[in-house]
Amino acid sequence: MTATLIDGTAIAAKVRAQVATDAAAYFAATGKKPGLATVLVGDNAGSQSYVKSKRKACAEAGMESFGFELPKTATQDEVESLVARLNADPEVHGILVQLPLPEGLNEESVLNKISIDKDVDGFHPVNIGRLSMKGRQPLFVPCTPAGCMVLLEEAGAQFKGANAVVLGRSNIVGLPAAMLLLHRDCTVTICHSRTKDLAAVCREADILIAAVGRPQMVKRDWVKPGAYVIDVGINRIADATKKSGSRLVGDVDFDDVKEVAGAITPVPGGVGPMTIAMLMRNTMRSAQAKLA
Ligand code: GUN
C-alpha cells in the first residue's frame with residue numbers, strides 16, 4: 001500500500017469530543033442541553049438505523065435528541081405540521097428530516113418549511129442557494145460533504161487550483177460537495193451517468209470524491225498517482241467468506257486504488273462516521289448562535 005489511510009473514525013471522534021466539550025459548556029451556561037429533533041417517516045430499515053445512530057451520538061455528546069416517527073401513510077400536512085411545531089420549540093436547535101421520504105410526499109416542500117436557522121442538514125433551499133453562490137455563506141452545510149472537506153483538510157490536501165472531480169450529482173452529496181470544493185478555489189468537474197470517458201476525467205483529479213452508489217467502480221487506472229480519494233459509497237456485496245454472507249464496500253476498489261492514490265478513505269471507517277459528527281457540530285453551532 002502506498003496511500004496514506006485517512007482515518008474517518010479517529011477524525012470524527014476528535015470532532016465529537018469537541019462537540020461534547022462545547023455541549024458541557026453550553027449546559028453550564030444555560031442549564032439546558034443543545035437539542036436535535038429527528039423526524040423519521042415510514043419504515044425504511046436503513047433510515048431507521050441511521051436515525052438511531054444519530055440519536056445515540058447526541059446522547060454520548062451530552063445533547064438532547066427528540067425522536068419523532070410518523071407512519072408511511074402520513075400526509076404532507078402532518079409532516080409539515082410537525083416541522084412547524086419543532087420550528088417553534090425553543091428546546092429544539094436542529095431539525096433533521098431523514099431522507100428519502102416515502103413516495104407521495106413532497107420532499108422539497110417539507111425541506112422548505114424547516115426554519116433556516118434550525119436546518120442542521122443544510123438542505124433548505126436558501127442554505128443550498130447560498131452554498132451555490134459566490135461570496136454567500138449558508139448557515140449550515142450538508143453533513144456528508146462537509147465531512148469530506150474535513151477529511152481532506154486533515155489529510156493535508158491543497159485546494160487552491162487543484163483539479164477536483166466529483167463522481168455523482170445527488171442533492172445530498174455530489175452537488176454540495178462540488179460547491180464546497182469550488183469555494184476553496186478548486187477547478188471542479190462533476191461527473192454523472194452521461195459523462196463520456198469517466199476514467200479519463202477521473203485520472204485528471206488531484207482530489208476525487210466518489211458518491212455514485214456503484215460498488216468498487218473506481219479502479220486503479222482511474223486515479224492519478226498521489227491523488228486524494230474520498231469514498232462516500234456504502235454498498236453491500238455478497239462475500240461467501242463472511243459469516244453474514246456479505247460485506248460493505250465503497251464506490252472505490254480500495255485494494256486496487258490504495259496502490260496508486262496518495263491518500264484514501266476506507267469503507268467502513270471513512271466518510272460514514274463524519275456525517276454524524278458534522279450533524280452534531282451543526283446542532284451545537286445552532287445552539288451557540290441562539291446565545292450570541
Ligand atoms: N439520507 C441520507 N443521508 C442523509 C443526510 O445526511 N440527512 C438526511 N436528513 N437524510 C439523509
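The values are calculated or read from the model by the stated rules, or taken from the named source; none is laboratory data. Fair warning: this is a prediction, and the values are worked out from it, not measured in the lab. Every residue, glycine among them, receives a Cβ derived from its backbone with ideal geometry; neighbour counts consider all protein chains shown. All accessible areas refer to the heavy atoms of the entire protein, side chains included, with ligands and DNA or RNA removed. Shrake-Rupley method; radii C 1.70, N 1.55, O 1.52, S 1.80 Å.
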For the stretch 88-99, enumerate the residues that are closer than 18 Å to A287 by Cα and surrounded by fewer than 17 Cβ atoms within 10 Å (Cβ to Cβ). A88, D89, P90, E91
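Just to be sure before I move on: is N106 polar (S, T, N, Q), open to solvent by 20 Å² or more (accessible area, probe 1.4 Å) and within 16 Å of the ligand (Cβ to nearest atom) in the structure I sent? Step through it out loud before you land on a result.
Numbers: polar (S, T, N, Q): yes; open to solvent by 20 Å² or more (accessible area, probe 1.4 Å): yes; within 16 Å of the ligand (Cβ to nearest atom): yes.
It is true that N106 is polar (S, T, N, Q), open to solvent by 20 Å² or more (accessible area, probe 1.4 Å) and within 16 Å of the ligand (Cβ to nearest atom).
Tell me, please, whether a residue that is assigned to a helix (DSSP H, G or I) and of a type in the set (K, R) can be found in the stretch 66-78. First the steps, then the outcome.
Here is the first cut: in the stretch 66-78, the ones assigned to a helix (DSSP H, G or I) are 76-78.
Within this subset, residues satisfying the condition of being of a type in the set (K, R) are none.
Checked the stretch 66-78: no residue is assigned to a helix (DSSP H, G or I) and of a type in the set (K, R).
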Across the stretch 27-50, what is the number of residues that are open to solvent by 20 Å² or more (accessible area, probe 1.4 Å) and either under 25 Å from P102 (Cβ atoms) or not polar (S, T, N, Q) (or both)? 13
Going through the stretch 171-207 one residue at a time, which ones are open to solvent by 50 Å² or more (accessible area, probe 1.4 Å) and either within 25 Å of D121 (Cβ to Cβ) or of a type in the set (S, T, N, Q) (or both)? N171, I172, L175, L182, H183, R184, T187, T189, I190, H192, S193
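Here are some residues: S132, S53, S81. Which one is of a type in the set (G, A, S), open to solvent by 20 Å² or more (accessible area, probe 1.4 Å) and within 16 Å of the ligand (Cβ to nearest atom)? Lay out the reasoning, then the answer.
Numbers: S132 fails: within 16 Å of the ligand (Cβ to nearest atom); S81 fails: within 16 Å of the ligand (Cβ to nearest atom).
When all the criteria are applied, what remains is S53.
Please verify whether L96 is over 13 Å from H124 (Cβ atoms) and within 16 Å of the ligand (Cβ to nearest atom), treating the condition exactly as stated.
Numbers: over 13 Å from H124 (Cβ atoms): no; within 16 Å of the ligand (Cβ to nearest atom): yes.
No, not satisfied.
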Which of the numbered conditions does F140 fail, given that it passes all the others? Conditions: (1) away from the ligand (no atom under 16 Å from the Cβ); (2) in a loop (DSSP other than H, G, I, E, B); (3) open to solvent by less than 20 Å² (accessible area, probe 1.4 Å). (1)
